Amino acid sequence: MPDGVAAATVRKRPNWVPYALLAPGLLWLVVFFVLPTLSLASQSLQTGDVYNGYSLTWHVQTYVDALSTYWPQLLRSLMYAGLATLLTLLLGYPLAWFVAHRSGRWKNVLLVLVIAPFYTSFLIRTLAWQTILGDQGLLTSLLDRLHLTWALHGFESFLGAVGLGSGSQLLYSPFAVICGLTYNFLPFMVLPLYANIERLDLRLTEAASDLYASPVQAFRRVIWPLSLPGVVGGTLLTFIPATGDYINSVLLGSAKTTMIGQVIDAQFLRVLDYPLAAALSFILMVVIIVLVMSYVRRAGTEELL
Amino acid sequence: MADHATGDLRLSRITKRFDRFVAVDDVSLTVPEGSFFALLGPSGCGKTTTLRMIAGLDRPSAGSIDIGGTDITDLKPYQRHVNTVFQSYALFPHLDILDNVAFGLRQRGDKDWKAKSQEALALVQLPDVARKRPTQLSGGMQQRVALARALVNRPAVLLLDEPLGALDLKLRRQMQIELKRIQSDVGLTFVHVTHDQEEAMTMADTIAVMNAGKVEQRGDPATLYEHPASTFVANFLGQSNLLEARITGSASGGRMPAQTHGHDVVVAADRVPDGINDVWIGVRPEKLRLGDSGTNQLKGVVTDASFTGVSTQYLVRMPWGFEVMVVQQNDGSARATVEETVTVSWDPGQEFILDQRQDETAGAEIDDA
Ligand SMILES: Nc1ncnc2c1ncn2[C@@H]1O[C@H](COP(=O)(O)OP(=O)(O)OP(=O)(O)O)[C@@H](O)[C@H]1O
Ligand SMILES: [Mg+2]
């Protein structure tokens, strides 16, 4: 039975191809993620200073200090990122729907336009919002020209009242930061939504309406549940980086809008308190992982409806 | 909501245009309440479009639709007590089978949705799949779920758009019988779209044959088969031998003399359309017999004989070149072999007569589309 023997040897040989394919990515992860994370963890438990060096003393107190001092910034970051994510979803869903199903031969052009902002630097894009929202900026002068300054003032007082503004200007406020975050992360929301919505079988809405569902009900009971994978993907891609973002707050916010990313940045690069900065980074990571996991689990059981 | 409108479904002069293209052209139809009605026609003749207008998914460009006298032309799909079994099934992939079936009932706030849905699943003989997802079922099972999902609402009219199209022949025959049984059990009005003439004939009480956006003829299967009103219907429903002929005299004793390619024949007078002399004499293959037992006799040469079990199908070439098809039961009656010269015959009244100005090939090539 030479055939059988040959087959057996072939089958026995370990199939190393999948591992070979995995190797570069794995190596990359180990070098640029696992090792830094471990070093960060160790750093957060060390004591000492930059000049005399650090030693690992398992000083857990750093975590307690970090949390008790900076919990407001952490909470604020989560809130801004959450609001920005909600706004990107509200803006992005109809946009993705339009591009996917209504744009006809303009589809590719529109998709390019969605990612067009990536061709300029993050910094420049954010700075542009200064010129839009500033006191003599585009928005103010436009409203001025239209004799709508009263509306602007009304809006500013409204923002002040709900705690998202100073009451007298748009720029350097939570509102401006959230605008910047929303704008900067919109493509991260639109692209996964688009990929999902484009594949939706619109005949299902006809089936739903044939089964007595009004357009709103058809959306709620059929389209939205089927969009959830895209929604989850988009919200994660938006929420996670937005929480750790600090550029928007630096350029568009004020001392009252400090986000956790700014604190970490300052501790690492200016205060040079490495253990504290490392501890804050770790806390942020854990908080995000916990939030994301509970979110994904709920989305999976369709409780988000 | 015209929720409880029941009664006959009536389409009055319905037209549907897509830009310039007329997909459905001035169609009027009445579907009696509780009947099994088939819309039969070749691909692209406007069957789906007609169905979509009844469901409310497309708006007619002209004309009106009513059920039992209640005009539903302007009602949205979700306001009509009409349900559809889509050709693509269109089951909701994120819901399990029970939730799919219960969708319409819950939409209408029926408290009894669970029991009714389970009953509907039992009716289509799928009692055990309630908690599965559509993708876990075979095509035939999905088709039955789609049927249950529509049936469970007990609509005034149930629309079926080629629901058996994706099934293999055996399952298809089985489902045809099942559909027919379900229809007579629950007594709903079914409008069944198909391009399979055999399916339409075995299932329907009434068939409307559509061609290029128009209804060519409407009637019960036997009438359509025995008395087709056009060459299209004659060719689309089964096989026909169309003989070019002239009426040569007037009626006497219910018979009329005619001549086809120089051969004298007689036909039943009541089958001849008024005032027309140039005609097609249509004779179905199974009405033609080998041998001279019939009154009308033609001689020809057998060019092909194919044995199909219960019957044998012969092609017999007439002196003028035309080949007629003869289907002879294998019941001990005359047999013939290829190259043999035979007489084929039929009796007056077994034929149908059509105006010769009609295209003899209409509806023929697309028979098995
Ligand atoms: N939305 C539309 N826009 C333009 N033309 C259409 C549209 N829907 C249908 N048509 C045209 O109308 C004609 C009838 O289409 P319909 O779908 O009713 O055919 P059908 O009889 O159901 O055919 P089949 O047996 O292939 O399903 C076709 O020629 C089709 O191209
Ligand atoms: Mg169709």
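Show the residue pairs that are 6+ apart or on different chains and have beta-carbon atoms under 7 Å apart, the first residue being within segment A:30-53 and at pLDDT below 90, the second being surrounded by 11 or more Cβ atoms within 10 Å (Cβ to Cβ) and part of a strand (DSSP E or B).
Matching pairs, first to second residue: A:48/A:54.
Are any residues in segment A:227-248 within 13 Å of chain B (Cβ to nearest Cβ) and surrounded by fewer than 19 Cβ atoms within 10 Å (Cβ to Cβ), and if so, which ones?
A:228, A:229, listed by residue number.
Based on what the data block shows, is residue B:119 away from ligand 1 (no atom under 15 Å from the Cβ) and either over 29 Å from residue B:139 (Cβ atoms) or among the β-branched types (Val, Ile, Thr) (or both)? Walk me through how you get there before you give the answer.
Working: away from ligand 1 (no atom under 15 Å from the Cβ): yes; either over 29 Å from residue B:139 (Cβ atoms) or among the β-branched types (Val, Ile, Thr) (or both): no.
Against the criterion (away from ligand 1 (no atom under 15 Å from the Cβ) and either over 29 Å from residue B:139 (Cβ atoms) or among the β-branched types (Val, Ile, Thr) (or both)), residue B:119 does not qualify.
What's the number of the only condition in (1) part of a loop (DSSP other than H, G, I, E, B); (2) within 15 Å of ligand 2 (Cβ to nearest atom); (3) within 14 Å of chain A (Cβ to nearest Cβ); (4) not acidic (Asp, Glu) that residue B:52 fails to meet?
Going through (1) part of a loop (DSSP other than H, G, I, E, B); (2) within 15 Å of ligand 2 (Cβ to nearest atom); (3) within 14 Å of chain A (Cβ to nearest Cβ); (4) not acidic (Asp, Glu) one by one, residue B:52 breaks only (1).
Kindly provide the set of residues from segment B:36-49 that are farther than 18 Å from residue B:156 by Cα and either more than 11 Å from ligand 2 (Cβ to nearest atom) or away from chain A (no Cβ under 14 Å) (or both), ordered by number. Quick ask: steps written out before the conclusion?
If we filter segment B:36-49 for residues that are farther than 18 Å from residue B:156 by Cα, which is where we start, we get B:40-49.
Listed by number, the residues that qualify are B:40, B:41, B:42, B:43, B:44, B:45, B:46, B:47.
Which ones in segment A:173-196 are among the polar types (S, T, N, Q) and in a helix (DSSP H, G or I)?
First pass over segment A:173-196, keeping only residues among the polar types (S, T, N, Q): A:173, A:182, A:184, A:196.
If the condition is that a residue be among the polar types (S, T, N, Q) and in a helix (DSSP H, G or I), then A:182, A:184, A:196 are the ones that fit.
Which of the residues spanning segment B:36-49 are near ligand 1 (Cβ under 6 Å from one of its atoms) and either hydroxyl-bearing (Ser, Thr, Tyr) or assigned to a strand (DSSP E or B) (or both)?
Within segment B:36-49, B:43, B:48, B:49 meet the criteria.
Take residue B:127 and decide whether it is within 16 Å of ligand 1 (Cβ to nearest atom), at pLDDT below 90 and not aliphatic (A, V, I, L, M).
Details: within 16 Å of ligand 1 (Cβ to nearest atom): no; at pLDDT below 90: yes; not aliphatic (A, V, I, L, M): yes.
So residue B:127 fails the test.
Residue-by-condition table, conditions (1) among the hydrophobic types (A, V, I, L, M, F, W, C); (2) in a strand (DSSP E or B); (3) within 14 Å of chain A (Cβ to nearest Cβ); (4) within 16 Å of ligand 2 (Cβ to nearest atom):
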{"residue": "B:12", "(1), (2), (3), (4)": "no, yes, no, no"}
{"residue": "B:23", "(1), (2), (3), (4)": "yes, yes, no, yes"}
{"residue": "B:34", "(1), (2), (3), (4)": "no, no, no, no"}
{"residue": "B:93", "(1), (2), (3), (4)": "no, no, yes, no"}
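Is it the case, given these coordinates, that residue B:208 is surrounded by 16 or more Cβ atoms within 10 Å (Cβ to Cβ) and either part of a loop (DSSP other than H, G, I, E, B) or in contact (Cβ under 8 Å) with a residue 40 or more places away in the chain (or both)?
yes
Looking at A:125, A:105, can you tell me which residue is part of a helix (DSSP H, G or I), in contact (Cβ under 8 Å) with a residue 12 or more places away in the chain and basic (Lys, Arg)? Steps first, answer last, please.
Values: A:105 fails: in contact (Cβ under 8 Å) with a residue 12 or more places away in the chain.
Checking each option against the conditions leaves just A:125.
Any residue that is in contact with a Phe, Trp or Tyr (Cβ under 6 Å, 6 or more places away or on another chain), away from ligand 1 (no atom under 13 Å from the Cβ), touching a residue at least 40 places away in the same chain (Cβ under 8 Å) and not aromatic (Phe, Trp, Tyr) - is there at least one of those in segment B:51-72?
Filtering segment B:51-72 for residues in contact with a Phe, Trp or Tyr (Cβ under 6 Å, 6 or more places away or on another chain) gives none.
Within segment B:51-72 (the criterion being in contact with a Phe, Trp or Tyr (Cβ under 6 Å, 6 or more places away or on another chain), away from ligand 1 (no atom under 13 Å from the Cβ), touching a residue at least 40 places away in the same chain (Cβ under 8 Å) and not aromatic (Phe, Trp, Tyr)), the answer is no, since none of the residues qualifies.
Within segment B:58-80, does at least one residue satisfy the condition of being within 14 Å of ligand 2 (Cβ to nearest atom), under 25 Å from the mean Cα position of the chain (by Cα), surrounded by fewer than 23 Cβ atoms within 10 Å (Cβ to Cβ) and not in a strand (DSSP E or B)?
Step one: list which residues in segment B:58-80 are within 14 Å of ligand 2 (Cβ to nearest atom), which gives B:58.
Imposing the further condition that a residue be under 25 Å from the mean Cα position of the chain (by Cα) reduces the set to B:58.
Right, trim to surrounded by fewer than 23 Cβ atoms within 10 Å (Cβ to Cβ) and you get B:58.
Those left that are additionally not in a strand (DSSP E or B): B:58.
Yes: one or more hits.
Scan A:213, A:208, A:218 and give me the residue that is part of a loop (DSSP other than H, G, I, E, B) and either touching a strand residue (DSSP E or B) at 6+ places or on another chain (Cβ under 8 Å) or within 14 Å of chain B (Cβ to nearest Cβ) (or both). Working first, answer last.
Values: A:208 fails: part of a loop (DSSP other than H, G, I, E, B); A:218 fails: part of a loop (DSSP other than H, G, I, E, B).
One residue alone meets the criteria, A:213.
Against the condition in contact (Cβ under 8 Å) with a residue 60 or more places away in the chain and not β-branched (Val, Ile, Thr), how does residue B:90 come out, does it pass? Even if it seems obvious, please write down each step before you answer.
Working: in contact (Cβ under 8 Å) with a residue 60 or more places away in the chain: no; not β-branched (Val, Ile, Thr): yes.
Against the criterion (in contact (Cβ under 8 Å) with a residue 60 or more places away in the chain and not β-branched (Val, Ile, Thr)), residue B:90 does not qualify.
Does residue B:164 satisfy being part of a strand (DSSP E or B), touching a residue at least 12 places away in the same chain (Cβ under 8 Å), within 16 Å of ligand 2 (Cβ to nearest atom) and under 24 Å from the mean Cα position of the chain (by Cα)? Reasoning before the result, please.
Details: part of a strand (DSSP E or B): no; touching a residue at least 12 places away in the same chain (Cβ under 8 Å): yes; within 16 Å of ligand 2 (Cβ to nearest atom): yes; under 24 Å from the mean Cα position of the chain (by Cα): yes.
It is false that residue B:164 is part of a strand (DSSP E or B), touching a residue at least 12 places away in the same chain (Cβ under 8 Å), within 16 Å of ligand 2 (Cβ to nearest atom) and under 24 Å from the mean Cα position of the chain (by Cα).
Being surrounded by 14 or more Cβ atoms within 10 Å (Cβ to Cβ), out of contact with any strand residue (DSSP E or B) (no Cβ under 6 Å at 6 or more places or on another chain) and of a type in the set (Ser, Thr, Tyr) is the filter here; which residues of segment B:252-301 pass it?
Passing the criteria: only B:295.
The values are calculated or read from the model by the stated rules, or taken from the named source; none is laboratory data. Predicted model, so just to flag it, every value in this text is computed and none were measured. Note that we place each Cβ from the backbone using ideal geometry, even for glycine, and neighbour counts take in every protein chain shown.
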